[in-house]
1. Taking a 1.4 Å probe, which of Trp71, Trp125 shows the most accessible area, and what order do the others take after it?
2. For the chain, what is the number of Lys pairs with C-alpha distance below 28 angstrom, counting only pairs 8 or more positions apart or on separate chains?
3. Please report the net charge: other residues with Cβ closer than 14 Å to the Cβ of Val120, K and R +1, D and E -1.
4. Which percent of the accessible heavy-atom area of the chain goes to carbon and sulfur, probe 1.4 angstrom?
5. Work the Kirkwood hydrodynamic radius out for the range 224-264: mean of 1/r over every pair of different alpha-carbon atoms, inverted, in Å.
6. I'd like to check one number: the per residue accessible area of the range 47-154, probe 1.4 Å, reported in Å² as a whole number.
7. What net charge do the residues around Phe197 carry, taking every other residue with its C-beta under 13 Å from that of Phe197, with Lys and Arg at +1 and Asp and Glu at -1?
8. Top to bottom by accessible area (1.4 Å), largest first, where do Ile7, Ile106 land?
Amino acid sequence: MGFIEAIILGLVQGLTEFLPISSSAHLRIVGELLPGATDPGATFTAITQIGTELAVILYFRKDIVRIIGRWFRHFGSTGGVHSAGIPKNDPDVRLGWLIIIGTLPIVVIGFLAQDTIRSVFRSLWIIAIVLIVFGLILGLADYLGRKIRPLDKMTYRHGIAIGLAQVLALVPGVSRSGATMTMGLSLGYTRPAAARFGFLLAIPAVFGSGLYELVHSFGEPKGVYGYPETLVATAVAFVVGYLVIAFLMRYIEKRSFLPFVVYRVVLGVVLLVLLSMGAIQPL
């Protein structure tokens, strides 16, 4: 049953990582509903997220190569566009710096709050409430946001604000993409711009977290799922995640986040009911 459950969880990770509905919350909930009826754990979650981030790199590979190339080249520039480099006010150079700076808050808080993340934050009571509250906040931001700013006009102040919003993703139920897109929409960016920056911003944080958990898992007692099962789940998450990114980027060109808001609220309410009835355990 281990591999079957791992495949199911990998599918869930791939389906939910990029939608603003929280992959960590879904892994936590689905883990309780599977025959093993247990929390997959923060380590399993972090490692399988490497698969979905590989999907981000593949999908946005042209953007990533361009941003990295121009970021490095700008160090040789004296301010104008010439053969020696790229101007320091170039949009791609600014994005490169914003991804670096915007990653720092979640790295620091994530490291300092490890014990809380692994225990208190994984309570299904907290997850249920967070799903509802942040779902409604996303709905308000999508409805009230001006949605006129393109990605190449992102300022340092706005990029840092979105980086701070990413810290909220440490709480299962918030959703990394949901938090960053909510902040982006609140600041007036278009849906595609908010989503694209949020996905690019997540790459260093998720890879760092996944690799950290992978290294620290060596020599420790075996968790719910071993390395073979976790590898399978990660591979499934990669394939499914790529397809979901492609779908979402097309979807938000013309449609709102309302279906995801409704889904979050309904899921949160159902989860609260099940917890109240004792049908599932909160921890």
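The values are calculated or read from the model by the stated rules, or taken from the named source; none is laboratory data. These numbers come from a predicted model, not from an experiment. Note: ideal-geometry Cβ built from the backbone for every residue, glycine included; neighbour counts use all protein chains shown. Heavy atoms of the whole protein, side chains included, go into the accessibility calculation; ligands, DNA and RNA do not. Shrake-Rupley method; radii C 1.70, N 1.55, O 1.52, S 1.80 Å.
1. Trp125, Trp71
2. The result is 8.
3. Cβ neighbours under 14 Å give a net charge of +1.
4. 72
5. Kirkwood hydrodynamic radius for the range 224-264: 12.3 Å.
6. On a per-residue basis, 53 Å².
7. Neighbour charge sum, excluding Phe197 itself: +3.
8. Sorted by accessible area, descending: Ile7, Ile106.
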